[in-house]
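Throughout, read-outs are computed from the coordinates displayed, never taken from laboratory work. Not measured: the values here are computed from a predicted model. So basically every Cβ, Gly included, is an ideal-geometry build from the backbone, and we count neighbours across all protein chains shown.
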Amino acid sequence: MKTNQFMELALEEARAAGARGEVPIGAVVVLDGTVIASSGNRTRELNDITAHAEVAAIRMACEALGQERLTGADLYVTLEPCTMCAAAISFARIRRLYYGAEDPKGGGVDSGVRFYAQPTCHHAPEVYSGMSEVQAAEILRAFFQGKRD
Ligand SMILES: [Zn+2]
């Protein structure tokens, strides 16, 4: 089971999001081995349905760097990105995407529309899946189990 320090930080962001009542997903943007931004889901906090962890982290990273794209940066996220986030990752020119658990119901990378495989996608990151997938899936499972109880 592969993991690394950046995915560990993404998992921490996911747990923190869950503690705030947000769907527990976390994302981290790394450039040249340095964390530029990290965020969990913030849709409830911001009343912004686009504030998924990936988009929130990309916004923070762009603000921190004072630029609109993140060429050469890598993004770590605990769950397979949805179609919106897959597109945002493409538009930001992210170099590598590392994600944890697959999301057959809502994902847009290896599930659903497979955004990066479409002719309308003009930049596709290298995609690495399955990193810390067991932990990432467990955080989500526990969160939704708690909602049902
Ligand atoms: Zn998303």
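Quick notes on this one:
- Leading residue by the ranking (farthest from the ligand (Cβ to nearest atom)) among those in the stretch 38-91 that are without any contact (Cβ under 8 Å) to a residue 24 or more places away in the chain and within 21 Å of Leu140 (Cβ to Cβ): Leu46
- Residues of the stretch 93-108 include none that is touching a Lys or Arg at 6+ places or on another chain (Cβ under 8 Å), surrounded by 14 or more Cβ atoms within 10 Å (Cβ to Cβ) and within 21 Å of Leu11 (Cβ to Cβ).
- Of residues in the stretch 118-138 being under 14 Å from Glu80 (Cβ atoms) and not polar (S, T, N, Q), the one surrounded by the most Cβ atoms within 10 Å (Cβ to Cβ): Ala136
- Within the stretch 93-149, the set of residues being hydroxyl-bearing (Ser, Thr, Tyr) and either more than 14 Å from Thr78 (Cβ to Cβ) or free of Cβ contacts under 8 Å to residues at least 12 places away in the same chain (or both) comprises Ser111, Tyr116, Thr120.
- Filtering the stretch 35-55 to residues that are polar (S, T, N, Q) and either crowded, with 22+ Cβ neighbours inside 10 Å or touching a helix residue (DSSP H, G or I) at 6+ places or on another chain (Cβ under 6 Å) (or both) leaves Ser38, Ser39, Asn41.
- Members of the stretch 56-89 found to be among the hydroxyl-bearing types (Ser, Thr, Tyr) and surrounded by fewer than 19 Cβ atoms within 10 Å (Cβ to Cβ), listed by number: Thr71, Thr83
- Search result, residues across the stretch 9-25 that are within 12 Å of the ligand (Cβ to nearest atom) and either buried (at least 24 other Cβ atoms within 10 Å of the Cβ) or of a type in the set (Lys, Arg) (or both): Ile25
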